[in-house]
């Protein structure tokens, strides 16, 4: 897999995460403030990411996946929305 292919796939997953972030938070019963604390960022960072005023970086996408994998319900959403693919992650690491 070349750099462009990898970046296109990363962008695909990032865009899905941004589109479904409020739903995932709600499903995991996590407020913006709680999510920010788990990620080590400010609440305003979460707000601007959710409102698409700031791009979501790949490392933040991975951190969000780890947070949402902790909740059974949000983990199911990650899978059903096809926002996470272990095979892809194995290829790039």
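Put simply, of 39, 64, 35 the only residue that is under 18 Å from residue 86 (Cβ atoms) and touching a helix residue (DSSP H, G or I) at 6+ places or on another chain (Cβ under 9 Å) is 64. The conditions of being assigned to a helix (DSSP H, G or I) and either loosely packed, with under 12 Cβ neighbours inside 10 Å or in contact with a helix residue (DSSP H, G or I) (Cβ under 6 Å, 6 or more places away or on another chain) (or both) are met by residue 27. Scanning the range 75-93 for residues that are surrounded by fewer than 15 Cβ atoms within 10 Å (Cβ to Cβ), assigned to a helix (DSSP H, G or I) and modelled with pLDDT under 85 gives 86, 87, 89, 90, 91, 92. Looking only at residues of the range 1-19 that are buried (at least 18 other Cβ atoms within 10 Å of the Cβ) and in contact (Cβ under 8 Å) with a residue 60 or more places away in the chain, we find that the one that is farthest from the chain's Cα centre (by Cα) is 13.
Here residue 35 qualifies as surrounded by 14 or more Cβ atoms within 10 Å (Cβ to Cβ), part of a helix (DSSP H, G or I) and modelled with pLDDT of 95 or more.
Just to be sure I understand, how many residues within the range 46-74 are surrounded by 15 or more Cβ atoms within 10 Å (Cβ to Cβ) and either farther than 25 Å from residue 8 by Cβ or touching a strand residue (DSSP E or B) at 6+ places or on another chain (Cβ under 9 Å) (or both)? Of the residues in the range 46-74, 3 are surrounded by 15 or more Cβ atoms within 10 Å (Cβ to Cβ) and either farther than 25 Å from residue 8 by Cβ or touching a strand residue (DSSP E or B) at 6+ places or on another chain (Cβ under 9 Å) (or both).
The values are calculated or read from the model by the stated rules, or taken from the named source; none is laboratory data. These figures come from a predicted structure and were not determined experimentally. Positions of Cβ are generated from backbone atoms using ideal geometry, with glycine treated the same way; all protein chains shown enter the neighbour counts.
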